Number of protein chains: 2
Amino acid sequence: MKKDIEDIRNDLINAIGEKAEKFGFSRIAGQLEGLLLFSKRPMSLDEMAERLEVSKGSISTNIRFLESWKVVKKVYHRGARKNFYEIRGSIWEIETEIMSTIAKDEIDRVKQIFSNSGKDLKNIKGKTKEENEDISFFEERFAEINEYIESAEYLLNLFLKQGEITPTVIKKIKIS
Amino acid sequence: MKKDIEDIRNDLINAIGEKAEKFGFSRIAGQLEGLLLFSKRPMSLDEMAERLEVSKGSISTNIRFLESWKVVKKVYHRGARKNFYEIRGSIWEIETEIMSTIAKDEIDRVKQIFSNSGKDLKNIKGKTKEENEDISFFEERFAEINEYIESAEYLLNLFLKQGEITPTVIKKIKIS
DNA sequence: TAAAACGTTTAGTACATACTAAATAAAATA
DNA sequence: TATTTTATTTAGTATGTACTAAACGTTTTA
């Protein structure tokens, strides 16, 4: 089948929509990202709703979701009442921003959980032999987990310290 | 509130269950991972069902899900008919295995999508000026995406080539 | 001031899916 | 061979949530 540019745009929109769904975001959020990624011009809510054939309410909530994740941004047109949106930056900027945000939040959360349970563990004094074995078993696991968290944090900081992370910087990474 | 070792185990099981849910896996799968992570001994399906207070059917399907992701493994007890399971390795081994599997699959999928659409794009000959602008706009985006994919692949290969990835290796990573 | 043009919120629904209980299958024991 | 023990599969249910249509609120225009 001979495809025109609009068919290709559809394929990409749907593929990104599916990818979003797979990662626990809504399909429409992904489709919107794809639509704006492959649109030369900023689009209004109505245009987006019409193009994706979904309700305007969905566009409204999903576009603000994308805005909060810094995937898209509002663009003001002189003398226009409508809200226009466009993709916020390059794919690289958007994806690395999202990933490092998620990574940071997740690391913080895991640290919190294990530091709390670690404190609780320290407050226990084992009475039986069995209890003492349990406690030291837990301590071993905690040491393992701490090592894991530290490594994740090391990697994340390597990225964040780099300030502006670019593909060029990535290629410079070496394991010595 | 004074917590005993069982309370702490509960906290950890629930925290890991929630974390699993957040990442699109089932809560019980996460709870099972937590349960076995903090159990000195392998456990049978019945024991796990009783401990988590869920149906045996759920344990059966979820434990095999974890097995397929190499999070847990079967352990054979001499002269026992029940199936026993234990965690497959250290947290580090389990998590890096899962992450690199997901990353690899996802990169392959994205490559596939864009290589297909890239071919479709090459088959188009623009007639109007507008069409030609669209085509070259798409080509720019594709170049961006390819750069992104290449960087992701570079990072992944760095990890895979390392063979046995350890926290010690991670700390050796430098950006020069 | 009335009407029109927008964006957001809400009430209702449709759908996917995780879970339970029960049926089934398979293997071991008596 | 019949019974018991175990794991898996299935049918049904409950729950969460993405989505639509419509109501609402706000701003602009006539």
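Each value in this text was obtained by applying a stated rule to the coordinates, not by laboratory testing. From a predicted model like this one, the values you see are computed outputs, not experimental measurements. Cβ: placed from backbone, ideal geometry, glycine included. Neighbour counts: every protein chain shown.
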All positions within the stretch B:151-167 that are within 9 Å of chain A (Cβ to nearest Cβ) and without any contact (Cβ under 8 Å) to a residue 60 or more places away in the chain
B:SER151, B:ALA152, B:TYR154, B:LEU155, B:LEU158, B:LYS161, B:GLN162
Going by the conditions given, is A:MET48 within 13 Å of DNA strand D (Cβ to nearest atom), crowded, with 16+ Cβ neighbours inside 10 Å and over 30 Å from A:PHE159 (Cβ atoms)?
yes
Which members of the stretch A:45-94 meet the condition of being of a type in the set (Ser, Thr, Tyr) and either more than 11 Å from DNA strand C (Cβ to nearest atom) or over 30 Å from A:ILE170 (Cβ atoms) (or both)?
A:SER55, A:SER58, A:SER60, A:THR61, A:SER68, A:TYR76, A:SER90
Which one is farthest from A:ILE63 (Cα to Cα), of the residues in the stretch A:1-42 that are aromatic (Phe, Trp, Tyr) and either within 16 Å of DNA strand C (Cβ to nearest atom) or surrounded by fewer than 16 Cβ atoms within 10 Å (Cβ to Cβ) (or both)?
A:PHE23
How do the pairs read when you match residues in the stretch A:49-78 that are closer than 11 Å to A:LEU32 by Cα with residues anywhere that are more than 10 Å from DNA strand C (Cβ to nearest atom) and acidic (Asp, Glu), using Cβ under 8 Å and keeping only pairs 6 or more apart or on different chains?
A:LEU66/A:GLU33; A:VAL71/A:GLU33; A:VAL72/A:GLU33; A:VAL72/A:GLU86
Being among the charged types (D, E, K, R), out of contact with any helix residue (DSSP H, G or I) (no Cβ under 8 Å at 6 or more places or on another chain) and over 17 Å from B:ASP7 (Cβ atoms) narrows it down to one of A:GLU130, A:GLU93, so name that one.
A:GLU93
Pairs only if they're at least six apart or on different chains, beta carbon under 6 angstrom, first in the stretch A:17-32 and within 13 Å of chain B (Cβ to nearest Cβ), second within 13 Å of DNA strand C (Cβ to nearest atom) and assigned to a helix (DSSP H, G or I); list them, first residue then second.
A:GLY17/A:ARG27; A:GLU21/A:ARG27
